[in-house]
1. What order do you get for Trp186, Trp114 when you list them from fewest to most C-beta neighbours inside 10 Å?
2. Per the helix-only calculation at 222 nm, which mean residue ellipticity applies to the chain, given -39500 (n - 2.57) for every DSSP H run of n ≥ 4 and division by its residues, nearest 500 deg cm²/dmol?
3. Report the relative contact order of the chain, percent, no decimals, based on alpha-carbon pairs under 8 angstrom and at least 6 residues apart.
4. Going 7 Å from the Cα of Lys125 in the Cα-to-Cβ direction, what parts of region 79-97 have a backbone nitrogen less than 17 Å from that spot?
5. With N denoting the number of residues in the chain, provide Rg(C-alpha) divided by 2.2 N^0.38 Å, to two decimal places.
6. Mind scanning Lys38/Lys197; Lys49/Lys142; Lys11/Lys125; Lys134/Lys195 and naming the pairs with a C-alpha gap bigger than 31 Å?
7. With no solvent and one equal point scatterer placed on each C-alpha of region 4-85, evaluate the Debye formula and give log10 I(q)/I(0) for q = 0.17, 0.18, 0.22, 0.26 Å⁻¹, two decimals.
8. Where does each of Glu217, Glu79 land when they are ranked from fewest to most other beta-carbon atoms within 10 angstrom?
Amino acid sequence: MTESLTIALSKGRILDDTLPLLAAAGIEPLDDPRKSRKLIFDTNQPNIKLVIIRAADVPTFVEFGAADLGVAGKDVLMEHDGDLFELLDLGIARCRLMVAEPADIAANDDPANWSRLRIATKYVKIARRFFAAKGIQTEIIKLYGSMELAPLVGLADRIVDLVDTGNTLRANNLVEIEHIADISSWLVGNTASMKLKHELMQSTIAAVATALEATNE
Ligand code: AMP
C-alpha cells in the first residue's frame, strides 16, 4: 500500500505564511484554501492532503493521528500540552505571550509583589502554570477573544495574550508587564506516523526544512 500523509493547517496568518513555504517544498493544494469553503484539499502530490481547521484543533488532530503533520503556534502547543513531536520552528507568525495590565496600575506595580491575581485569558493552562511556578495565586477567567476588554470593564485586573506590534494593547490603554514566552509556528508530527510512515514523513519534513533554509538565506 502506498503511504499517504495528511497535513493540518489553520486559517488566518499561519495559512498565509505556510502555503508559500509548502509550495517551495513542492506541495501545492489544487484549490486555494483561502478562497474555498472546503475542509480537505488534494494537492499536486497524489499522496498528500491538507485539512484546514481551527488553530486550537491542530494539535488534537495531530496527536490522535487524524493528521500526520500540522502547523501550529507555540501558544496553541503549550496550551494543548499533548504527546506530539515538535519538528521544526518555521519562524512564522512571530509574537510574544505576555501578561498585560492597565497603564495606571503598571505605574505603581511590581510583579515581585504579586500574591493574588485575577487573570482573563484564553490560555488557561499556560497562565495557571506560569503563575503557579511563581507561587502566585490566581483566579483565571476563560475568554474566547477580546481579552483586552476585560480590565476595562472590571472583569479582571490583568490579561495573558499574544502581542505583536503592541497596537492593540496601546489602543486599550494596557501595557506589557511580564514576558511568558516567545511564540512562532512549528511543524509538528504524530508520534506513530513518525515510525509507521517513516520514509514519507522524513522526506516531507526534509523538503520543508530545505524550503525554510532557502527563505531564510
Ligand atoms: P498587535 O496589536 O499587533 O500587538 O496584535 C495583538 C492582537 O493580535 C491580539 O489580539 C493577539 O491575540 C493577536 N495576535 C498577535 N500576534 C498573533 C499571532 N502570531 N497569532 C495569532 N494572533 C495574534
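The numbers here are math on the coordinates, done by the rules we state, and not lab data. The shown structure was predicted, so the numbers you read here are calculated from the model rather than taken from an experiment. Cβ atoms come from the backbone with ideal geometry, glycine included; neighbour counts cover every protein chain shown.
1. Details: Trp186 24, Trp114 19.
Fewest to most other Cβ atoms nearby, the residues stand as Trp114, Trp186.
2. Computed mean residue ellipticity for the chain: -9000 deg cm²/dmol.
3. Relative contact order, the chain: 28 percent.
4. Flagged as within label range: 79-87.
5. Numbers: Rg = 19.5 Å, N = 217, 2.2 N^0.38 = 17.0 Å.
Taking N as the residue count of the chain, the ratio is 1.15.
6. Where the Cα-Cα span goes over 31 Å, the pairs concerned are Lys49/Lys142; Lys134/Lys195.
7. One equal scatterer on each Cα of region 4-85 leads to -0.62, -0.69, -1.03, -1.36.
8. Working: Glu217 5, Glu79 21.
The fewest-first ordering by Cβ neighbours comes to Glu217, Glu79.
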